[in-house]
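Notes follow once the structure below has been shown.
Every number in this text was worked out from the coordinates using simple rules, so none of it is lab data. Computed from a predicted model, the values in this text were never measured in an experiment. Note: ideal-geometry Cβ built from the backbone for every residue, glycine included; neighbour counts use all protein chains shown.
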Amino acid sequence: MLDVIFYIAITAEAMTAALAAGRRKMDWFGVCLLASVTALGGGTTRDLFLGHYPLYWVANPYILLLVCGAALFTIAIARIVHRLKWTFLVLDGLGLVVFTIIGCNVAMEIGAHPLIVIVSGMVTGIVGGILRDVLCNDVPLVFRSELYATVSIVTAMIYYFGVTANLDPDLVILAALAIGFPLRILALVKKWQMPKFVYDKEL
Amino acid sequence: MLDVIFYIAITAEAMTAALAAGRRKMDWFGVCLLASVTALGGGTTRDLFLGHYPLYWVANPYILLLVCGAALFTIAIARIVHRLKWTFLVLDGLGLVVFTIIGCNVAMEIGAHPLIVIVSGMVTGIVGGILRDVLCNDVPLVFRSELYATVSIVTAMIYYFGVTANLDPDLVILAALAIGFPLRILALVKKWQMPKFVYDKEL
Amino acid sequence: MLDVIFYIAITAEAMTAALAAGRRKMDWFGVCLLASVTALGGGTTRDLFLGHYPLYWVANPYILLLVCGAALFTIAIARIVHRLKWTFLVLDGLGLVVFTIIGCNVAMEIGAHPLIVIVSGMVTGIVGGILRDVLCNDVPLVFRSELYATVSIVTAMIYYFGVTANLDPDLVILAALAIGFPLRILALVKKWQMPKFVYDKEL
């Protein structure tokens with residue numbers, strides 16, 4: 001099940017990145033590249049941090065074709081995409097939760113410290129979006145938007161504590177999805193935000 | 001032969017990066033740093049992705065002196081550099097093709113999947129320029145300029161299929177150069193571009 | 001002693017990064033993330049370049065709590081922080097020197113080439129600040145500010161030549177601190193700068 005959602009999530013990330021590329025008037029190649037960085041950047045950064053070789057897309061390169069295919073398909077259907085806004089946000093939220101679970105799982109398999117498990121989940125969930133924003137020359141959204149990273153941390157903690165409590169893995173995944181995903185959607189609908197830190201003096 | 005062109009290409013990349021640094025009024029140290037990131041960033045990223053240690057400039061650190069020397073030399077000759085515009089563009093195009101071939105070669109030596117060989121060539125060819133543009137606070141040119149990345153992909157495919165067809169390696173390198181390099185120059189002269197994806201709605 | 005100064009330096013880096021985050025109106029999570037990237041980014045990049053696994057914060061994850069704690073504490077004391085301007089600059093200067101020494105030390109332990117030892121020290125000292133500026137969407141300060149990187153190089157050279165001359169390690173550390181740190185403070189006070197390279201033609 002996680003595998004299926006993973007591919008849906010990768011596809012959703014690639015498609016939202018393609019739209020970001022379109023707003024910057026990138027060419028078709030740029031669209032594919034930005035989609036790849038966004039969809040695969042989180043997992044890649046996690047693998048580099050953990051020394052977890054080969055990188056998952058090096059081991060399974062067809063994922064690159066999926067990402068570029070999804071990006072080019074987005075160009076083809078761009079006219080109707082704005083009607084799909086909520087579809088995207090839902091898939092993106094699902095992706096955030098699934099990426100986080102997968103990231104935790106990779107760290108737990110190599111016996112990492114609990115803190116590193118949480119960080120690994122979070123890096124997998126949010127770094128792709130940060131790289132996308134840096135390449136588009138924006139201050140990354142995750143630094144100031146709705147509870148994106150918080151959802152990732154909550155999901156990671158549920159997954160970690162569930163698995164270490166020896167609960168049934170499928171059940172833990174379902175629980176993490178059942179809490180993390182609605183939390184993200186609620187945050188979007190209600191525009192929940194973390195408190196901001198505003199400091200306007202020079203240091 | 002590839003070795004000689006490689007050093008010429010590194011030097012050319014360092015010099016164009018130095019000019020970019022000059023447009024941002026960086027200090028001499030910043031010029032050297034930006035030159036190093038641009039000239040070595042592609043190969044470094046490739047090595048990190050493939051887990052190919054030691055990194056090539058760690059194994060051969062004199063390359064750092066070459067890069068910084070080229071950057072400082074650019075400062076010294078800045079007055080006449082604008083007359084050399086086409087020299088730079090030609091060397092840069094040569095560099096793109098050579099970097100790509102070297103990147104493919106590294107991936108093939110460790111027995112990577114064909115898709116990864118192409119990606120490895122492309123990463124080696126274009127990531128340095130992307131990092132340069134991010135550090136200069138621009139949206140990377142490669143996302144929307146002339147067929148830069150396309151040239152890299154075409155070169156990589158020629159090289160990969162040539163080598164797997166058991167053709168003479170030197171011949172394959174010559175063929176990749178003989179097609180990739182004029183393609184880049186033609187794209188510059190004719191201002192060939194990939195189609196752009198323009199999307200101006202909010203998602 | 002180096003250990004103690006290291007933790008002070010990490011804390012200082014995290015706190016100055018938190019102020020940068022506040023100027024960008026980031027939320028509390030963004031503040032912690034930017035502080036982590038700034039305080040740990042240099043050492044992480046060095047470890048990735050040298051293939052030095054596990055990364056130091058993966059091996060010692062409580063450092064993440066220290067960094068996030070320091071960042072949140074900065075939010076709490078933001079009102080009085082501007083009175084501590086010089087405290088910060090002093091701690092930051094100390095951090096630069098200590099990070100550099102640690103970076104050299106890591107490279108020397110794995111028997112790296114002298115040039116790589118210097119680069120390793122410099123990467124550890126300055127990359128965190130570069131990543132902070134990229135994420136805040138600025139051209140990195142280190143490319144054009146006071147002798148930040150120069151101090152790092154000078155410190156690295158003193159440490160390297162001291163250790164290879166078989167001097168007492170503690171003495172070498174003291175010497176590197178005693179020269180690097182005042183040099184940084186003097187550069188701040190006197191506003192010493194490297195010459196700038198200004199180039200305003202198109203290439």
Against the globular-protein guess of 2.2 N^0.38 Å, express the Cα radius of gyration of the stretch C:2-190 as a ratio, rounded to two decimals.
0.98
Once all Cα-Cα distances of the stretch A:1-64 are split into 10 Å bins that start at 0, what whole-number percent is in each one?
22, 47, 27, 4
Dipole moment magnitude, nearest 20 debye, the stretch C:80-169 about Cα centre, only Lys, Arg, Asp, Glu C-beta charged
240
Descending semi-axes in Å of the protein assembly as shown, equivalent ellipsoid built from Cα gyration tensor
34, 34, 23
How many percent of Cα pairs in the stretch B:107-203 exceed 18 Å?
57
Where no second cysteine Cβ lies under 4.7 Å, the cysteines concerned in the protein assembly as shown:
A:C104, A:C136, B:C104, B:C136, C:C104, C:C136
Any idea how far the Cα center of the stretch A:1-22 sits from the one of the stretch C:52-85, in Å?
33
From the label point of A:F161, set 7 Å from Cα along Cα→Cβ, how far away are the matching label points in the other copies, in nm, ordered shortest to longest?
5.7, 5.7
For the stretch C:159-203, what is the Kirkwood estimate of the hydrodynamic radius, computed as the reciprocal of the mean inverse distance between distinct Cα atoms, to one decimal in Å?
13.2
Inter-copy spacing of C:W192 label points, which lie 7 Å from Cα along Cα→Cβ, given in nm from shortest upward
5.3, 5.3
Overall dimensions of the stretch A:31-114 by Cα: Rg and Dmax, Å
15.0, 47
From the backbone phi of the stretch A:117-130, what are the Karplus-calculated ³J(HN,Hα) couplings (6.51 cos²θ - 1.76 cosθ + 1.60, θ = phi - 60°) in whole Hz, Gly and Pro given as x?
4, 4, 4, 4, x, 5, 4, 4, x, 10, 5, x, x, 5
Cβ-vector label at 7 Å, A:R83, separations to other copies in nm:
6.2, 6.2
With +1 on each Lys and Arg Cβ and -1 on each Asp and Glu Cβ, and nothing else charged, work out how big the dipole of chain A is about its Cα centre, in Debye to the nearest 20.
780
Under 14 Å from the Cβ of B:A176, count the other residues' Cβ atoms, weight Lys and Arg +1, Asp and Glu -1, and hand me the total.
-1
Under 5 Å, built H, 5+ apart or other chain: amide partners of A:K25
B:Y199
Compute the separation of the alpha-carbon centres of the stretch A:124-185 and the stretch B:162-196 and state it in Å as a whole number.
43
The ³J(HN,Hα) series, computed from each phi in the stretch A:71-77 with the Karplus coefficients 6.51, -1.76 and 1.60 at θ = phi - 60°, rounded to the nearest Hz and given as x for glycine or proline, is 5, 5, 4, 4, 4, 5, 9
Count the net charge of all other residues whose Cβ sits under 12 Å from the Cβ of A:I110, scoring Lys and Arg as +1 and Asp and Glu as -1.
-1
For A:I101, what charge total do you get from the other residues with a beta carbon under 14 Å from its beta carbon, if Lys and Arg give +1 and Asp and Glu give -1?
-1
Which ³J(HN,Hα) values, rounded to whole Hz and listed in residue order, are derived for the stretch C:18-31 from phi using the Karplus coefficients 6.51, -1.76 and 1.60 in 6.51 cos²θ - 1.76 cosθ + 1.60 with θ = phi - 60°, glycine and proline given as x?
4, 5, 4, 5, x, 5, 9, 6, 6, 7, 4, 5, x, 4
